[in-house]
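See below for the structure under consideration.
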Amino acid sequence: MALNRRGGGGDPDEGVVARVSSSIQQSLIFQKGREAASATAVCGLKLLRSTGKAAWIAGTTFLVLVVPLIIEMDREQQMNELEMQQASLLGAPSSMMPQPK
C-alpha cells in the first residue's frame, strides 16, 4: 500500500483540495457559469470578426473616396500659391491678387 505525504494510505489524488474541486466542478452553478463563459467567448469572437469586417469597409471607403479628395485639394492649394507668387513677381498690386480660400 502506497503512503501519501501525510503518511496515510489511499489514492494521493483524493486529497481535501481534490475532493472540494471535484464537488465544485460537479455543481449546477459551476456548469451554468462554464456555459455562460463559453457563450460569451463565442459572442466575443463574432463581434471581433464583424468589427474587423467593418474596419476593412471603412478603410477601403476612405482610400477610394477621401484620399483623392485630399490630393485634389492639395493641388488646388499649390496652384493658388503659384498664382499668387507669379502675380507678386509681375508686380501686380496686392489688392489684385486672388485671396486664398
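Here, each number is a calculation from the coordinates, and none is a lab measurement. Because the structure is predicted, anything quoted here is derived from the model rather than measured. All Cβ positions, even for glycine, are placed from backbone atoms using ideal geometry, and neighbour counts span all protein chains on display.
Rounded to 0.05, the FRET efficiency of the VAL20 and LEU47 pair, given R0 = 35 Å and the Cβ-Cβ distance, is 0.45. Net charge of the neighbourhood of THR40, taken over other residues with C-beta under 14 Å away and scored Lys/Arg +1, Asp/Glu -1, is +2. For the stretch 24-73, the C-alpha radius of gyration divided by 2.2 N^0.38 Å, with N the number of residues, is 2.17.
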